[in-house]
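Values quoted throughout were computed directly from the atomic coordinates according to the rules given, and no laboratory measurement underlies them. Remember, predicted model here, so these are calculated numbers, not experimental data. When we count neighbours, we look across all protein chains shown, and the Cβ atoms used for this are built from the backbone with ideal geometry, even at glycine.
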Amino acid sequence: MQSLICMEPGILIYKEIPPPVLTPGHAIVRIKRVGICGTDLHAFEGTQPFFTYPRILGHELAADLIEYDQTSGIENKQLKPGDLVGILPYFSCGVCIACRNGKPNCCANLKVCGVHVDGGMVAYLSLPIECLIPSQGLPYEALAMLEPLAIGAHAVRRAGLYEGAFVLIVGAGPIGLAAMEFARLAGAKVIAMDIIESRLQFCLEKQKADFALPGKAENLKERLMEITRGDMPTTVMDATGNRGAINKGFEYIAHGGKYILIGLQKEEIYLKHPEFHKREATLMSSRNATIEDFNMVIDCIIQGRIRVSDFITHTLCFEELKAAFPNWLNPSSGVIKAMVKMD
């Protein structure tokens, strides 16, 4: 079967590989949709810190269930061959301290599909049965969007946002936009920040952000003070994965506020300790998502509170993916979320 492999930074190849073989506790699925994520793009450019090469990319997945281990207890999920499924792409060990404390998203032995192990840019894929998510009537595109939306939902849950709170979300890529959606649903006042003007317009028009600020403006602190009536945002979230933006974000936290790092980069981050300390600020990371976040996203889509179609700006066939991929690193491409049709 055909696969797309990132051999090393900047190098993608199509390659024939053997189809997967059914093993205990696993299911074979046929991949139908793959969403392209910042993780994929960062792996391609060589800036993803958890990535190893060569690797088949792809973790935002929708699939058809083909076959499964009959002794696995899959009947508990009420699934049968031919059903549409979403995928929880985080394979946790179940025994480490994080897993024992209900945080499998940051398992000490975590393997993420398409990052630590080969992902879904293939025709067929073997997956642990517990990672299959019943579709509940959602179409392929919505199922492939569950993962990025769940990451945003998880970050907002970590932040503990409340009605009327000001939240600054830096980075209006898919993950930042997802965080804006759930911040808005939590009743917070959303301030979007990005260096790309078209994305700020998208935030205002599609995401219904309350405010949008260009990231390279010289008077950002003054503008934030004005918006928040002198308080500064009680929560700042970084969804850029850019070291400079992350370091700058420490300047925007209100006294007593929180800084949530969703984006990820390879280097050290720096803060001015007295400034951070006097605020009694809280610094958090937000890694991946849990099944509770996925279920919340599903409920929001079913209820019409989130429109998946708003996010998907580009659609293409698998055969076109290799040629198109490098272009998405260029902001002028206008891509928010690219969706790959595998059939």
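Using a 10 Å cut-off on Cβ atoms, rank the peptides 253-266, 227-240 from the highest mean neighbour count down. Show your work: numbers first, answer last.
Values: 253-266: 19.9, 227-240: 22.1.
Peptide ranking by packing, descending: 227-240, 253-266.
Convert each backbone phi in segment 325-338 into a coupling constant with the Karplus relation 6.51 cos²θ - 1.76 cosθ + 1.60 (shift: θ = phi - 60°), then list the ³J(HN,Hα) values in order as whole Hz, x for Gly and Pro.
Here the 3J(HN,Hα) series is 3, x, 5, 6, 6, 8, x, 5, 5, x, 6, 9, 9, 9 Hz.
Residues of segment 30-50 with amide nitrogen under 17 Å from the 7 Å Cα-to-Cβ point of ASN327?
Within reach of a label on ASN327: 36-37, 41.
For segment 1-105, give the magnitude of the charge dipole about the Cα centre (Cβ charges: +1 Lys/Arg, -1 Asp/Glu; no others), in debye to the nearest 20.
On the way: 9 positive and 10 negative charges, 47 e Å.
So the magnitude is around 220 debye.
As a check on your grasp of the helix formula, calculate [θ] at 222 nm for the chain: sum -39500 (n - 2.57) over DSSP H runs of n ≥ 4, divide by the residue count, round to the nearest 500.
Helices in the chain give a 222 nm mean residue ellipticity of -7000 deg cm²/dmol.
Counting only other residues whose beta carbon sits under 11 Å from that of HIS314, what net charge do I get with K and R as +1, D and E as -1? Before the final figure, lay out each step's value.
Values: positive: LYS337; negative: GLU320.
Net of charged neighbours comes to 0.
Quick one: Karplus J couplings for segment 41-49, per residue in order, coefficients 6.51, -1.76, 1.60, θ = phi - 60°, nearest Hz, x for Gly and Pro?
5, 5, 5, 5, 8, x, 10, 8, x
D for the chain, whole µm²/s, Stokes-Einstein with Kirkwood Rh over alpha-carbon pairs at 25 °C and 0.890 mPa s: what number? Intermediate results must be reported in sequence, preceding the final value.
Values: Rh = 20.6 Å.
In µm²/s, the coefficient rounds to 119.
Work out, step by step, the length gained on full extension between ARG307 and ALA123: first 0.36 nm times the residue separation, then minus their alpha carbon distance; give nm to one decimal. Before the final figure, lay out each step's value.
Working: separation 184, 0.36 × 184 = 66.24 nm, distance 2.74 nm.
Length gained between ARG307 and ALA123: 63.5 nm.
Using Cβ counts within 10 Å as a stand-in for footprinting exposure, how do LEU220, LEU200 rank, fewest first? Mind showing how you got there, number by number?
Numbers: LEU220 17, LEU200 20.
Fewest-to-most Cβ neighbours within 10 Å comes out as LEU220, LEU200.
Could you give the spread of the C-alpha atoms of segment 126-216 along their three principal axes, from largest to smallest, in whole angstroms?
Principal extents (largest minus smallest coordinate, Cα): 45, 28, 21 Å.
How long, wide and thick is segment 152-285, going by the Cα atoms along their three principal axes, in whole angstroms, largest first?
Result for segment 152-285: principal-axis Cα extents of 39, 31, 30 Å.
Show me, for segment 9-16, the HN-Hα J-couplings you get by feeding each phi into the Karplus relation (A = 6.51, B = -1.76, C = 1.60, θ = phi - 60°), rounded to Hz, glycine and proline as x.
x, x, 10, 10, 9, 7, 8, 6
Please list, in chain and number order, the residues 5+ apart from GLY119 or on another chain whose amide H is under 5 Å from its amide H, with Hs placed from the backbone.
For GLY119, whose amide H was placed from the backbone, the distant partners under 5 Å are ILE56, LEU57, GLY114.
Between MET342 and residues 5 or more places away or on another chain, which pairs have amide H atoms under 5 Å apart, with H built 1.01 Å from N, and which residues are they?
So MET342 has HN proximity to ARG33, VAL34.
In square nanometres, what is the average projected area of the Cα convex hull of segment 239-328? Kindly include the intermediate steps, with their values, before the conclusion.
Working: hull surface 36.3 nm².
Mean projected area of the Cα convex hull: 9.1 nm².
Search the structure for amide H atoms under 5 Å from the amide H of LYS337, placed 1.01 Å from N in the peptide plane, and list their residues when 5 or more places away or on another chain.
HN-HN under 5 Å from LYS337: THR313, HIS314.
Which entries in LYS15/LYS341; LYS111/LYS206; LYS216/LYS272; LYS208/LYS322 show an alpha-carbon gap greater than 23 Å?
LYS111/LYS206; LYS208/LYS322
With +1 on each Lys and Arg Cβ and -1 on each Asp and Glu Cβ, and nothing else charged, work out how big the dipole of segment 152-285 is about its Cα centre, in Debye to the nearest 20.
Details: 18 positive and 16 negative charges, 42 e Å.
The dipole of segment 152-285 has a size of about 200 debye.
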